[in-house]
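The values are calculated or read from the model by the stated rules, or taken from the named source; none is laboratory data. Remember, predicted model here, so these are calculated numbers, not experimental data. Glycine also receives a Cβ, built like all others from the backbone with ideal geometry; neighbour counts cover every protein chain displayed.
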């Protein structure tokens, strides 16, 4: 394939970071894909295919956001217990899932072929694994060219964004999700966010050990360990939690908060693929 032009790279960045789908000219109708969770759903949409159904579609819209679910996409119920009856009615050509949800695969394989994305299984760093799994899924869906283009455009977009951070490598930052007013999830080694920070030549202020999913759960007071480092907080924060955090003296007295170094960015799925990587880099550059 010929090298991508700058215009095509920029077009790919816009499509990936903002959730806009391309419209490649395929003569055959796209395969009917049902997604049991959000990671594979993000990947399927990134390849230009709108899933017929996704488990917990409301949660996808809240926590993943982009690329956007297509109009008419049905809800398969919870990610822990997808609706088998609806799957049977939909007659999908392919069912997709991801590592770590503990679902019995047998019932789904009786309905349609099952493609599982083995993210965070410890075999590879998340970004590299996202590249490889995108190519595999593209082959499965007959979207090899789109998959290769997505891999190339994501790398090009992150490289372009890295130039915006020139000279800021010595300014550490921490990436967090807040679910209540006393605890925080901080992303570090083994996370997709860490891989993107490395590609942007940025320093993660959080260097403590993480779990197999690449994050640490800790009390908010433990953020004192990062000092006045910049904090990037991911939306969504439940409204009642936001109120409590704003009223929390524990939060207000953290050095990073006192220094005014907390920024909130739109939702990015921490366990996503290449689209999540581009969204994160894009929003980080705007924060």
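Candidates are the residues of region 205-234 that are assigned to a strand (DSSP E or B) and within 18 Å of the chain's Cα centre (by Cα); the one that is farthest from residue 276 (Cα to Cα) is 216.
Here the condition is being over 20 Å from residue 120 (Cα atoms) and in a helix (DSSP H, G or I); of 180, 170, 246, it holds for 246 alone.
For residue 224, are the conditions met, namely being modelled with pLDDT of 95 or more and under 26 Å from residue 121 (Cα atoms)? No, not satisfied. Residues in region 41-66 that are within 16 Å of residue 98 (Cβ to Cβ), in contact (Cβ under 8 Å) with a residue 60 or more places away in the chain and surrounded by fewer than 24 Cβ atoms within 10 Å (Cβ to Cβ): 63 alone.
A quick yes/no check of all residues on (1) modelled with pLDDT under 50; (2) surrounded by fewer than 20 Cβ atoms within 10 Å (Cβ to Cβ):
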{"residue": "4", "(1), (2)": "yes, yes"}
{"residue": "7", "(1), (2)": "yes, yes"}
{"residue": "15", "(1), (2)": "yes, no"}
{"residue": "35", "(1), (2)": "no, no"}
{"residue": "39", "(1), (2)": "no, no"}
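Residues in region 246-265 that are surrounded by 15 or more Cβ atoms within 10 Å (Cβ to Cβ) and within 25 Å of residue 66 (Cβ to Cβ): 262, 264, 265.
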